[in-house]
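Just below is one structure, and these are the notes that go with it.
Please treat every number below as a calculation from the coordinates, not as lab data. The structure displayed is predicted, hence computed values, not measured ones. All Cβ positions, glycine included, derive from the backbone under ideal geometry; neighbour counts span all protein chains shown.
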Amino acid sequence: MPDLPQREILPSAQLDAAWLPTRDRLAKEDREEGLRIRVHRSLRALSQAEEIEAGSDSSSALDAAFVFRWVALNALYGQWDDERGMAMKDRVALDRFTSQARLVDTSDRLVSALETVSDDARTLLESPFLIERFWRDQEWDQVRPARGRAAKFRGEIREERQGAALHRLLIAVYFLRCQIVHGGATLGSNMNRVTVEPGSRILAVLCGQLIALVVEHGLEREWGEICYPPVREAGGA
């Protein structure tokens, strides 16, 4: 398997080429279907994000590419909860995934990725627009204490607690994702947009690097049961 670069945005074609030998071997041996589906779904969504970016540089296109990159990430971390008979809650599944990813990260890929996005991370984590308390009480003096998230993130990096730092940052990106996906922000609007560009750059780096970890080390961990596996309809071809 070719080495995938660190500290940069990894394109879907490069990730796909690295994954291809493993995918073909697993398909031939008829095993690890869940892992193969995860990576396939993730790469398809990432490719769509890239197509959107290549076709337009508008603010709306930035939003759309951001959403598809989150879909790519969600394809990796989403898990089915057998006890509840439904998809596991996003934040729980994301926490489990980042913990597993950190365990297989023997080359410190995540360390490099987090260092790469550190400036954008500070902007994102200090923004009041991604603090739940702000939307309950928009008095700045009330919100200010919650802005310590950026300092905590830097502390986690210094203490080599990359799993905690990654989870903290992705939860902030997830808050932005919720605003866009659930219609809590006008697509392409100039209002409250300070978080979109740094959030998009962060997700572009982290999404590709997390896919790289699964491509390189996916067989070393159990990633959980996938949500909504493909089902062939009765009588279908």
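For segment 69-164, the helices (runs of 4 or more DSSP H) that sit wholly inside it and include 1 or more residues that are of a type in the set (Val, Ile, Thr) and closer than 21 Å to Ala185 by Cα are 118-126, 140-143.
One residue alone among Leu130, Leu103, Leu166 is under 26 Å from Pro5 (Cα atoms), aliphatic (A, V, I, L, M) and buried (at least 19 other Cβ atoms within 10 Å of the Cβ), and that residue is Leu166.
Conditions tested, residue by residue: (1) surrounded by 19 or more Cβ atoms within 10 Å (Cβ to Cβ); (2) of a type in the set (Phe, Trp, Tyr); (3) under 28 Å from His217 (Cα atoms).
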site: Ala75; (1), (2), (3): yes, no, yes
site: Ser112; (1), (2), (3): no, no, yes
site: Ala121; (1), (2), (3): yes, no, yes
site: Gln138; (1), (2), (3): no, no, no
site: Gly148; (1), (2), (3): no, no, no
site: Gly184; (1), (2), (3): no, no, no
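For segment 178-209, filtering for residues that are within 10 Å of the chain's Cα centre (by Cα) and not β-branched (Val, Ile, Thr) leaves 6.
Scanning segment 35-66 for residues that are surrounded by fewer than 15 Cβ atoms within 10 Å (Cβ to Cβ) and either touching a residue at least 60 places away in the same chain (Cβ under 8 Å) or among the small types (Gly, Ala, Ser) (or both) yields Ala54, Gly55, Ser56, Ser58, Ser60.
Taking segment 197-237 as the range and being closer than 16 Å to Thr22 by Cα and not small (Gly, Ala, Ser) as the test, the residues that pass are Ile211, Leu213, Val214, Val215, Glu216, His217, Leu219, Glu220, Arg221. In segment 2-23 there is no residue matching the filter, namely being in a helix (DSSP H, G or I), of a type in the set (D, E, K, R) and touching a Phe, Trp or Tyr at 6+ places or on another chain (Cβ under 8 Å).
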